[in-house]
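Here's the structure, in structure tokens; my notes come after.
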Amino acid sequence: MKHALIIFSGGLDTTVCVPLMREQGFERISTVCIDVGQPSEDISQATERAQILKTEHAVIDAKEEFASQHCFPAIYANADYYGYPLSTAIARPIIARKAAEFGISHGADAFVHGCTGKGNDQFRIEYGLRLFAPDIPIIAPIREGNLTRSWEIEYAERVGAPIGQSKDKIWSIDENVWGRSIEGGRLEDPNYAPPEEIFQWTNGFVAAPGEPQEVTVSFENGNPVAVDGKPFSPLQIIQEANRIAGLHGVGRIDMMEDRMIGLKVRENYECPGAMLLVAAHKALEALVTTHAERRFKVLVDQQWAELAYQGLWWDPFMEDLNAFIASVQSRVSGEVSVRLFKGGMQVTRRSSPWALYSEAAASFD
Ligand code: ARG
């Protein structure tokens, strides 16, 4: 029996992939949903739809690994692609690797993903699949058939695929623990201001507390390990940073993004925790690095962000960059305090046993 493994979110695109693959002669269909911190309703919706579609369904919890192996390296590299802390981008490599491993162990004859031909994720997903499962072919039905949203909705209704509310969805949203991306609909007009309703993790200026809050993040070798003295796991600390910075409306990003295929697109993000943790990390690096290290690390970080954006997570050049970044992290230990207020953020204090600062030398007295 020919076996297709669909990398499944339960959204419109991946849902229509199921009947499409049956039409292509795959008798055995597996769907795998990789949990990188998308809303639990999305995960359960995927499970429900898989049941209705009678696929062999699996959910893989990759949240802790995503936090420690993908988000933390983004902190070391002060992840910043023209203002975007790379939330969707750094999740794709782990989704691809988990799917590749699952496909190999379950004897898949083909991988199927729901990417269109317009975005970056088609590359990011396929690089990971090619690297970890080079012998299994990849099918991208939406891209290959050049299928439009309206065609997919009409097709799903015709074949009785469960798309429920998907057809009324105004925004295309991608979410993981490192951030939320919102696009599509009226947001495609860069001259249209994002409505308050697109945001879920961050308060707007009005709703944010009227008092500033100072939060202290402790780092060990570049890893954030505690907030206000309270220790957290990598996943927990990102969630806690999201909560605090989001409360104060920090981390909304509205930008023009240059995609890999050459398209310029308008994107909205909310990445409160990422913005807070990277700002604090950067401030600590500024205290413990030499001038030459600092100057060079800006260039390394920029290259890192370009590669991460392109999904070249396991590229040899990425390993080279990570080696330099890791060497610097060996002294990025200490504490940084950041004041949050009404969408703004200011570093107020920093200290480290590795500080290269000498008050005696710098003092005016
Ligand atoms: N453009 C962003 C990136 O390439 C994120 C796109 C996420 N997708 C979405 N449907 N919101 O990293």
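The values are calculated or read from the model by the stated rules, or taken from the named source; none is laboratory data. Owing to the predicted nature of the structure, the values given are computational and were not obtained by experimental measurement. Quick reminder, even Gly has a Cβ in these numbers, built from the backbone with ideal geometry, and neighbours come from all protein chains shown. In case anyone asks, the SASA skips ligands and DNA or RNA and just uses the protein heavy atoms, side chains included. Shrake-Rupley method; radii C 1.70, N 1.55, O 1.52, S 1.80 Å.
Along the charge dipole of the chain, pointing to its positive end and built from +1/-1 on Cβ of Lys, Arg, Asp and Glu, which listed residue (I43, P231, W171) has its Cα farthest out?
Positive-end residue among those listed: W171.
Taking every pair of alpha-carbon atoms in the chain, give the share separated by more than 29 Å as a whole percent.
That fraction is 44 percent.
Take the Cα pairs of the range 133-200, get the Kirkwood Rh, then feed it into Stokes-Einstein at 25 °C and 0.890 mPa s and tell me D in µm²/s.
164 µm²/s
Calculate the radius of gyration of the Cα atoms of the range 314-365 to one decimal place, then report Dmax, the largest Cα-Cα distance, as a whole number, both in Å.
Spelled out, the Cα radius of gyration and Dmax of the range 314-365 are 16.6, 51 Å.
Remind me, relative contact order of the range 163-321 in percent, using alpha carbon pairs under 8 angstrom and six or more residues apart?
In percent, rounded to a whole number, it is 21.
Dipole magnitude of the chain about its Cα centre, charges +1 at Lys/Arg Cβ and -1 at Asp/Glu Cβ only, in debye to the nearest 20?
Charge dipole of the chain: 140 debye, to the nearest 20.
Once R0 is set to 35 Å, what does the formula 1/(1 + (r/R0)^6) return for the Cβ-Cβ distance between D254 and A326, expressed as a FRET efficiency to the nearest 0.05?
Between D254 and A326 the formula returns 0.60.
Under the √(5λ) rule applied to the eigenvalues of the Cα gyration tensor, what semi-axes describe the equivalent ellipsoid of the range 249-365? Give them in Å, descending.
Its equivalent ellipsoid spans semi-axes of 29, 22, 11 Å.
Within the range 308-340, list the chymotrypsin sites (Phe, Trp or Tyr not before Pro) lying in a DSSP loop whose Cβ has at most 15 other Cβ atoms in a 10 Å radius.
Sparse-neighbourhood loop chymotrypsin sites (Phe, Trp or Tyr not before Pro): W314.
When only the heavy atoms of the protein chains count and the probe is 1.4 Å, how do D315, D61 rank by accessible area, highest first?
D61, D315
Can you classify the range 152-307 as rounded, prolate or oblate using the Cα gyration tensor, where a ≥ b ≥ c are the square roots of its eigenvalues, rounded means a/c under 1.5, and otherwise it's prolate if a/b beats b/c and oblate if not?
Note, shape of the range 152-307 comes out prolate.
So if I take the centroid of the Cα atoms in the range 98-137 and the same for the range 316-365, what is the distance between those two points in Å?
38 Å
When only DSSP loop residues count, what chymotrypsin sites (Phe, Trp or Tyr not before Pro) in the range 133-202 have their Cβ near at most 11 other Cβ atoms within 10 Å?
Listed in order of number, the matching sites are Y192.
Please compute the Kirkwood hydrodynamic radius over the range 1-100, one decimal place, Å, based on all pairs of different Cα atoms.
One over the average 1/r among Cα pairs gives 14.6 Å for the range 1-100.
Placing +1 at every Lys and Arg Cβ and -1 at every Asp and Glu Cβ, with all other atoms neutral, what dipole size does the range 70-130 have around its Cα centre, in debye to the nearest 20?
My answer is approximately 20 debye.
Expressed as a rounded percentage, what relative contact order does the chain have, with Cα pairs under 8 Å and six or more residues apart?
19 percent
Select from the range 78-149 those chymotrypsin sites (Phe, Trp or Tyr not before Pro) which occupy a DSSP coil region and have at most 16 other Cβ atoms within 10 Å, ordered by residue number.
Those that pass, being in a loop and sparsely packed, are Y82.
Looking only at A193, A161, A58, which one moves most when the chain is put into a Gaussian network model with springs between Cα atoms under 10 Å?
A193
Could you work out the relative contact order of the range 1-111? I mean the mean sequence separation of Cα pairs under 8 Å and 6+ apart, divided by the number of residues, in percent.
32 percent
Could you sort V347, V328 by accessible area so the largest value comes first, with the probe set to 1.4 Å?
Highest to lowest solvent-accessible surface, that is V347, V328.
Rounding to the nearest 10 and keeping the result within 0 to 90°, find how far the Cα-based axis of helix 87-105 lies from the longest principal axis of the chain.
50 degrees
Taking the dipole about the Cα centre of the chain, with the C-beta of Lys and Arg at +1 and of Asp and Glu at -1, give me whichever of G103, F219, P93 is farthest to the positive side.
Farthest along the dipole direction, towards plus: P93.
Okay, helix-only estimate at 222 nm for the chain: each DSSP H run of n ≥ 4 adds -39500 (n - 2.57), divide by all residues, round to 500 deg cm²/dmol; what do you get?
The per-residue figure over the chain is -12500 deg cm²/dmol.
Quick check: the angle from helix 40-52's long axis to the longest principal axis of the chain, C-alpha only, nearest 10 degrees?
Rounded to the nearest ten degrees, it is 10.
Place a +1 charge on the Cβ of each Lys and Arg in the range 243-365 and a -1 charge on the Cβ of each Asp and Glu, then give the dipole magnitude about the Cα centre in debye, rounded to the nearest 20.
Using only the charged Cβ atoms, the result is roughly 460 debye.
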